[in-house]
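A quick write-up on the structure given underneath.
Here, each number is a calculation from the coordinates, and none is a lab measurement. Keep in mind it's a predicted model, so treat the numbers as computed, not measured. When we count neighbours, we look across all protein chains shown, and the Cβ atoms used for this are built from the backbone with ideal geometry, even at glycine.
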Amino acid sequence: MKTEAICLLNILLFSAFISEAPRNGQQTEGLFEQPLLITSAGQNAEVQIAAVLAKRAGLNYTLSKQATAAELQNIKTLVLVLGASLKGLGAAGLDMEKEKERVMALIAEAHQTGISLLCLHLGGEARRGPQTDELIAEVLPRAKMLIVVRSGNTDGFFTRLCQSQAIPLIEVEKTADAQAPLEKAFK
Amino acid sequence: MVVAAHPLAVEVGLEMLRRGGNAVDSAIATAAALNAAEPFASGIGGGGFMIIHLARLNRTTVINFREKAPGLATPGMFEDKGEAKEEWRTSSGLAVAVPGALAGWDLALRRYGTRTLAQVLAGAIAIAEHGFSVSSTFSSINKDEYERLLKNLPEGSCYLNEGLPYEPGDRFRNPELAQTFRRIAANGIKEFYEGDTGHRLVAAVRAKGGILTNDDLALYQAVELEPLKGTYKGYVILTAPPPASGGLHLVQFLNIIERWPVQTWGHNSVAFVHHLSEALRFIFADRERYLADPDYVSVPVEWLVSKEYAAGVASRIRDDRPLERYPFGEYKPGNRDSANTTHLCVLDGDGNIVALTQSINDFFGAGIVPEGTGFLLNDHMADFADDPESINAPRPGHRPLSSMGPLLLFRDGKPLLALGSPGGTRIFSSLAQIVLNVLEFGMSLDEAIEAPRFFSFSSGGKPGPIAVEARFPPEVISGLREIGQEVEVREAYDKYFGGAQGIMILRGRGVVHGGADSRRDGVGGGY
């Protein structure tokens, strides 16, 4: 019984290590500076989860679901939580085109002012689809790193995008597991 | 046979039937089990409607257990909150109407059941205690509502997993709900309406800015009503009357459609979707003009469901393009258009049938759980109108207008179909499409439920877009756009359009079919 327990512990530890390791062996720690602005790309509900993870990680963050370029003042890192939600877009009075405009303007301003971009995809398979994928394909190439919940990358969509742009990718098993790499990503 | 939105609830309902309970016993056992297994959609913190067919008596009746506004409610209670009114309507103590579910279950059991409340709660207690593996539906809804839940739930609540939404496969247990059901089983519904559980409920509501009192709870009563009757090409529809609007609108809708050659047009063809969408736009104007709680407001039901009225509407709809204006109505599409609510159907060996729709309104209701009770409170005060001048404005003791529409469809005097769905204001449109899929397009019940759906509405006299599931053929979408319809493409199987459950009884073939919606976790079971 004890041996089984130790084996199980080893497997769990190994899984945790594997799940956090970047796929292409690139640098994923200390890449970003604080403070950070968290917003969504697609008005998804996971943006709130990202804020809770940032809080638990002790990061100096601001959450703004519909952030504009003006909110990037004094910000060092822009965190975009990827995933389109029709419900969220409706609640915000936005459609996909307007949301894309907002996000791209934000990214352009960040690029111009030397603010780094970190992307998260925390919604798993449920937060994939043509609209989300189209948005991600535009946004992700501008990112410095991506953290993704594995069930959202079962088709290798994020892997292919990140490999083609040499963007470090960290896959985690569950949403809560994203906290550790998020914390380590910041100086 | 039992069909419901969670397999564990179906199993509880079936077990009740196996042990000799009738359809009413089984339906209430299933309804309670859904509180444990699908707690985000319904439960004792909410209310609903059920339609019961008693085979031996050939009699059909309706139990109205819709929530009521507290005695201190006023027409302007939300308007006074200014820009924050939406928040108050849905995520605060003011959002909570007096729950009716337990009173309704109890009334049905006492009049038409054969088991005690304690007996029918046993299955729910077991599910709440032992827990279950969270589905992707549960997980995605938990994530969608996370912000509201963070606001209202206490630390350590079972509705979050260590403060974060549940992932598919996580274990969900609710021992506090099991304890609440045990207290109710021991003390009867007085435990809820006058006892310790009720006092906790009132305290929780008032702590979040609500106005509900112990007297409001003690005075609550579920009531029995005559069903609303409609017909479609010789089939008879019996459904819940106002303050449920779903059944009435379904009858209106089918009356209009009856005049059109829908088989010639073809299922989900451009002509079919165009004409039905136009009809929906007229019906939504009626909804805001005429419908409210008939205990206090005179609702012109007979006129609205008359064939003459339908003929008038049908004559105004153009074949070739949408109208520019529709009758003015105050309907506002919610910006929180989730498919909340749940529906179940039960058929027993004697031919008794129950179709029951129940809800706590938005998924996870107001997000408020009375301390130590494990159940979520509704936000059904949000179903009252914004406008203090509206006939459906909140007033003491009024029941808010509901979109529910549990129904039974009869052929030659015998039940053919039991049906219902969640889906907010999409309910009647979705139910009508399922009925047409069966009656006009010859689909099996399951095919009829799974077929792609669409929806439209009007607001302030202007047309809303036609929302279609992504499975609609591109040529139909482009065809609709070519004739001037705005089309909004949603997900392929979108919860927005509901999650219907039904039972079809094919007497000639001695076959019973269950149909459950894959837009949610619906399943059916029989023996």
Item checked: Phi to ³J(HN,Hα) by Karplus 6.51 cos²θ - 1.76 cosθ + 1.60 over the stretch B:446-451, Hz, x for Gly, Pro -> 5, 4, 5, 6, 7, 4
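May I ask you to order A:62-68, B:196-202, B:132-138 by the average number of other C-beta atoms within 10 Å around their residues, highest value first?
Numbers: A:62-68: 16.6, B:196-202: 20.0, B:132-138: 18.3.
So the order, starting with the most tightly packed, is B:196-202, B:132-138, A:62-68.
For the stretch B:145-296, what does the convex hull of the Cα positions come to per residue, in cubic angstrom? Mind dumping the intermediate values first?
Numbers: hull volume 35.2 nm³, N = 152.
It comes to 232 Å³ per residue, whole-number rounded.
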Check: When each pair of different Cα atoms in chain B is counted once in the 1/r mean, what is the Kirkwood radius in angstroms, to one decimal?
Finding: 22.7
Notebook entry, point to check: Tally Lys/Arg at +1 and Asp/Glu at -1 over every other residue whose Cβ is under 10 Å from the Cβ of A:ILE49; what's the total?
Noted result: -1
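Restricting the count to DSSP beta bridges whose residues both fall in chain A, what percent are antiparallel, rounded to a multiple of 5? Kindly include the intermediate steps, with their values, before the conclusion.
Values: 1 of 24 bridges.
Roughly 5 percent of the DSSP beta bridges within chain A come out antiparallel.
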Next item on the list: Using label points projected 7 Å from each Cα along Cα→Cβ, tell me how many nm separate A:ARG150 and B:ASP412, to one decimal.
Entry: 5.8
Margin query: Can you compute log10 of I(q)/I(0) for the protein assembly as shown with the Debye formula, treating each Cα as one identical point scatterer, at q = 0.09, 0.10 Å⁻¹?
Written below: -0.80, -0.98
Note to self: Suppose R0 equals 25 Å. What FRET efficiency, 1/(1 + (r/R0)^6) with r the Cβ-Cβ distance, do B:LYS462 and B:GLU302 give to the nearest 0.05?
What the structure shows: 0.30
Checklist line | Spacing of the two label points (7 Å from each Cα toward its C-beta) at B:THR114 and B:LEU219, in nm | finding: 3.9
Check: Over chain B, what is the relative contact order in whole percent, taking alpha-carbon pairs under 8 Å and six or more residues apart?
Finding: 24
Next item on the list: Per DSSP H run of at least 4 residues, take -39500 (n - 2.57); add these up for the protein assembly as shown, divide by its residues and hand me the 222 nm value, nearest 500 deg cm²/dmol.
Entry: -11000 deg cm²/dmol
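Using only the alpha carbons of the stretch B:310-444, what is the convex hull's orientation-averaged projected area in square nanometres?
Numbers: hull surface 53.4 nm².
Over all viewing directions, the stretch B:310-444 projects a mean Cα-hull area of 13.4 nm².
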Margin query: I'd like the projected area of chain A, averaged over all directions, using the convex hull of its alpha carbons. Report it in nm² with one decimal.
Written below: 11.1
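How much length is gained if the chain between B:GLU79 and B:LEU57 is pulled fully straight, taking 0.36 nm per residue apart and subtracting their Cα-Cα distance, in nm to one decimal?
Numbers: separation 22, 0.36 × 22 = 7.92 nm, distance 4.82 nm.
Length gained, B:GLU79 through B:LEU57: 3.1 nm.
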Check: Put a dot 7 Å past each Cα toward the Cβ at B:LEU72 and A:SER64; how far apart are the dots in nm?
Finding: 3.8
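Out of every Cα-Cα pair in the stretch A:32-139, what percent are more than 24 Å apart?
Values: 944 of 5778 pairs.
Percent of Cα pairs beyond 24 Å in the stretch A:32-139: 16.
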Checklist line | Burial ranking of peptide ranges A:120-130, B:348-358 (average Cβ count within 10 Å, highest at the top) | finding: B:348-358, A:120-130
Checklist line | log10 of Debye I(q)/I(0), alpha-carbon scatterers only, for the stretch B:253-301 at 0.13, 0.28 Å⁻¹ | finding: -0.41, -1.02
Item checked: Set of lysines with alpha-carbon distance to B:LYS495 below 22 Å, sequence-local pairs under 8 removed -> A:LYS87, B:LYS143, B:LYS332
Next item on the list: Once you have all Cα-Cα distances for the stretch B:116-200, histogram them in 10 Å bins from zero and send the whole-percent values.
Entry: 17, 38, 32, 13
Item checked: From phi via Karplus (6.51, -1.76, 1.60), per-residue ³J(HN,Hα) for the stretch B:424-438 in Hz, x at Gly/Pro -> x, 6, 7, 4, 5, 5, 5, 5, 4, 5, 5, 4, 5, 4, 7
